[in-house]
2 protein chains.
Amino acid sequence: MSVKLIEFLKEKEKDIVEYIKQSDVQKYFKPAHMYDAVTSYVYRNAKRLRPSVLIMACGCLGGEERIAIPAAAGVELFHTWTLVHDDIIDNDSLRRGEPTVHRLMQGMGKTDLKLNDNMAKDYGRDVAILAGDIQHAWSVTFFIDSTIKMGVDPLVSLEIIRYMESYVIGNLICGETVDVQLGMSSTIDSLNFSEEDIINMLWLKTGVLYGFSGMAGAMIGKGTADINDVQVNGIKEFTSNCGTAFQLQDDILGILGNEKTLGKPIGSDIREGKKTTIVYQALKNANEEEKTFLLSVLGNKNASESDVQKVVYLFNHLDGINHTKSLAEGYIKKALPYLDVIEDSMYKDLLLSWADFMINRDF
Amino acid sequence: MSVKLIEFLKEKEKDIVEYIKQSDVQKYFKPAHMYDAVTSYVYRNAKRLRPSVLIMACGCLGGEERIAIPAAAGVELFHTWTLVHDDIIDNDSLRRGEPTVHRLMQGMGKTDLKLNDNMAKDYGRDVAILAGDIQHAWSVTFFIDSTIKMGVDPLVSLEIIRYMESYVIGNLICGETVDVQLGMSSTIDSLNFSEEDIINMLWLKTGVLYGFSGMAGAMIGKGTADINDVQVNGIKEFTSNCGTAFQLQDDILGILGNEKTLGKPIGSDIREGKKTTIVYQALKNANEEEKTFLLSVLGNKNASESDVQKVVYLFNHLDGINHTKSLAEGYIKKALPYLDVIEDSMYKDLLLSWADFMINRDF
C-alpha cells in the first residue's frame, strides 16, 4: 500500500471518528444499554474505506475534504447498521475482534438485568435490532448535516439520501436476502448456484455501497444534484467495480488470512459453507473423491481442524484461490477506464492506490 | 365520531394508499418474498390516523392538502416499520387481523423454500428485520418527495427528516427498549413500576410520533423550517398530548374491545401481563386476596377464559378502567389550549373532532 494512501486513511479515520463523536444526536440513545449498543462498532478500530473513498471522490471533483466529512460519517454509519442486522441474521459472535452487538447485549441482560439464558438471548437480539434502526437513522442525519453544517446545496443532499434509501438499500438487502435463502438451502452443490449468481451477490452486498460512496462524494465535490452527470457516474462505476474486487479479495482472506487481522475464527467460512467463487471453482475442477470430501466438510460446523486444512489445500490445488484472484484483478481492470473523465490530481492518485490496495491487501 | 371526520379520514386513506401504490421505489423490493414482506401491512385496512393528522395540520396553517400527501405517506411508512420490528420483538402473530410479517415469511419459507420448522422460523425473522429496514428507508424517500414532487422548500424537508431521524426515533426506541426491559422483569408487582413510568412510556411509544405528525404537517403548511415556530410547536404539543390519550384509550380497548375490531385475541394484554395504568390502579385498590389473584393471572400465558373474565371484572370494580378513562380525558384537556395560536378553519375543526375521537372511539 502506498505511503500516501496509508497516511490519508489514518488521517481520515481520525477526522471521521472525531466528527461522529461530536454528534449531538447521541443524546437520544437511551436507555444506557441502547447507547452502548448503538456506539459499540462505531468506536472500534476499522479501516473506514467507504467514507475515505467518499472524501477522495469529493476531492477529485474539486471539493474541499472538510465539506465531505459529514457524508463520510453517514456512509460509515449506514455500513454499520447493515453489519449489526447481518450479525443477528448470521448469528455471528465476533465483529472487529470483539463481541457482536447482540452478544454484547445478551451479556448485559444477564449481568445487569439478571435474565436467564433464554431471555438474555432474546434481549440481545431485541436491543440489537433496535440499535441498527437507530444507526440507520443516525446515518441519515449526517447526510443532512452536509447541508446544515457545511453548506452543501440542499437538493444535492436530498438526491443523495433518496438514492441511498431506495436504490442502495434495495439492492443491498436483496443481496442479503438471497444470501439467507442460499445459506438455508440444505446442501452445497455445484449445480444449485452459478458463478454469476455469486458475483452478482458480491456486487449487491458490497459493490453497490462502494459505488454509492464514490457517487455521493463526487456530487458533493462538484455541487451537482444530477446523479447521471458523466463524472459522477464515472466515479460511481469505478468505485463500484473496485468494491466487487474488494469482496472477492475478502473471500480469499477468509481462507488464507489469520484470525487477528480477520477478526473472526479461521476456517469459519469453510465451516459455515459460505458460497464463494473459490468453492465454485474448486468443485468444478474436483474429481469425484475430492468433490465428496469437499461437500462433507463445507458447511459442517463440527469439521476438524485437519479437514479444514485439507480443504484449504484443495482450494489452492484446484485453482479456487488463483481463479478468484484473477476475477478480482479483472474487476479492477474494468474499473480503471471509468476514471478517464476525471482530471489528474492528488485525489485521483489516491483512488488509484486504493484500487490497487483492494486486491493486494492482506487485512 | 363527526360525519365530517369520518369522510375526511376515508378520503385521505384513499389518497395516501394511492400515493404509496405509485411509488417507483417499489421496484427495488427484491426478491419476491421481500416485496411481499415490505408491502403487506401497508395495503391492509388501517385507520391512517397519523398521516391524516399530518394533512389536517398542514391545512390549519394554510397549506394545500395535496402538498402534504407524500409526507403523510412517509409518516405512515415510518409507523409501519416500527410495527414490523416490534412484532418480531413481541413475538406477535397477528397484525390488522392477518399474520405478522415474520409469521407470513415463516410460512413462505416452509411452502416455497421447503425449510424445516426451525429454519422457517429463522427465515421469517430474518426477512422481517430486513423488510422493516426497507420500510424505514422508503419512509425517508417519501419525505424527500415533498420537495422533489410537491415543491416544498428543501430546507423544510431536511429539517423534518432530521427531527424524525434523531429526536423521534430516539424517544420511540427508548420507549420500546424500556418496554422490553419491563416485560422481562420476572413478576408484575405494583412496586416495580410507577404510574408515571407507564405514562412516560405511552408518550415515548405513541405521543412522540403523533407530535411529529402534527409538527411536520404544520411546517409544510406554513413553509417554515423553524421547528420552534410558535404555531408549529402549538400543533405539535396538541397532537402529542392527544397521542398519549389515544394510547390510554388503546389500553382500555385492549381489555373491553372485541377481537374483530382489535385485530388480536381478547385477553392477550392480560395473558401477556402488559403493564398499563389500568393494572396499576387496580393493584393499588385491591385487597390482599384480589391482589394475589390478579398477580396469578396477569402474565400467565395459560390463564383460563374464566380467570381472564374475572380480571376484567376486577379492572372495572377496582377503578382501573374509569381511572384510565379520566387520565385520557386529562390529556385531551391539556392539549386543547395549544390550539389557541391557530386560526379557526375547517381543518382546526377536524383536529378538534379527531381529539374527541381519540378518547371516544371503540375501535
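About the centre of its Cα atoms, the protein assembly as shown shows a dipole size close to 340 debye [charges on the beta carbon of Lys, Arg (+1) and Asp, Glu (-1) only; nearest 20 debye]. Restriction of the chymotrypsin sites (Phe, Trp or Tyr not before Pro) in the stretch B:1-76 to DSSP coil positions whose beta-carbon has at most 11 other beta-carbons within 10 angstrom yields B:Y43. Annotation: amide H-H contacts under 5 Å for A:R95 (H modelled 1.01 Å from N, sequence separation of 5 or more, or interchain): A:T100. As a proxy for reagent exposure, ranking A:M1, B:M164, A:M119 by other Cβ atoms within 10 Å from fewest up yields A:M1, A:M119, B:M164. Scanning chain A for the Cβ atom closest to the axis that brings A onto B yields residue and whole-Å distance A:P154, 2. By other beta-carbon atoms within 10 Å, ranking A:D340, A:D15, A:D349 with the fewest at the front produces A:D340, A:D349, A:D15. Taking B:I160, B:I89, B:I252 in turn, the Gaussian network model of chain B (Cα-Cα springs below 10 Å) assigns the largest fluctuation to B:I89. Note on A:K121: lysines with a C-alpha under 18 Å away, same-chain residues under 8 apart excluded, are A:K110, B:K121.
Inter-copy label distances at A:L253, shortest first and taken from points set 7 Å along Cα to Cβ: 5.3 nm.
When shorter helices are ignored and each DSSP H run of at least 4 residues is given -39500 (n - 2.57), the per-residue value for chain A at 222 nm works out to -23000 deg cm²/dmol. In plain terms, chain A is cut at each of the GluC sites (Glu not before Pro) found in a DSSP loop with at most 15 other Cβ atoms within 10 Å, and the longest leftover piece is A:65-342. Computed over Cα pairs, the Kirkwood radius of the protein assembly as shown leads via Stokes-Einstein (0.692 mPa s, 37 °C) to a diffusion coefficient of 121 µm² per second. With neighbours defined as other Cβ atoms within 10 Å of a residue's Cβ, the residues B:T239, B:T100 order from fewest to most as B:T100, B:T239. Under a Gaussian network description of chain A, with springs only between Cα atoms under 10 Å, the residue in A:A73, A:A137, A:A218 that fluctuates furthest is A:A137.
Its Cα gyration tensor gives the stretch A:1-156 an equivalent ellipsoid. The semi-axes, each the square root of 5 times an eigenvalue, are 32, 17, 12 Å from largest down.
Here's the list of lysines a cross-link from B:K4 could span, going by alpha-carbon distance under 26 Å and ignoring same-chain residues fewer than 8 apart: B:K12, B:K14, B:K21, B:K47, B:K222, B:K236, B:K260, B:K325, B:K333, B:K334, B:K348. Binning the C-alpha pair distances of chain B at 10 Å intervals from 0 yields a P(r) profile of 5, 23, 32, 25, 12, 2, 0 %, listed from the shortest bin outward. Distances between equivalent label points of B:D117 across the copies, with each point positioned 7 Å along Cα→Cβ, amount to 2.0 nm, shortest listed first. The simple spin-label model puts a point 7 Å past each Cα toward its Cβ; for B:K334 and A:N285 those points are separated by 7.2 nm. Report the residue, chosen from A:T82, A:T111, A:T324, that carries the largest GNM mean-square fluctuation when chain A is represented by alpha-carbon nodes joined by springs under 10 Å. Of the options given, A:T111 has the highest mean-square fluctuation.
Here is what passes the span test in chain B: the DSSP H helices with alpha carbon length of 24 Å or more along the helix axis and a Kyte-Doolittle mean of -0.5 or above are B:3-21, B:65-90, B:117-148, B:230-256. Annotation: Cα Rg of the stretch B:258-311 relative to the compact-globule expectation 2.2 N^0.38 Å equals 1.13.
Copy-to-copy label distances for B:Y35, where each label lies 7 Å from Cα along Cα-to-Cβ, are 4.5 nm in order of increasing length.
Since every read-out is calculated from the coordinates, none of them should be taken as a lab result. The structure displayed is predicted, hence computed values, not measured ones. Neighbour counts are summed over all protein chains in view; Cβ atoms, including those assigned to glycine, are modelled from backbone coordinates with ideal geometry.
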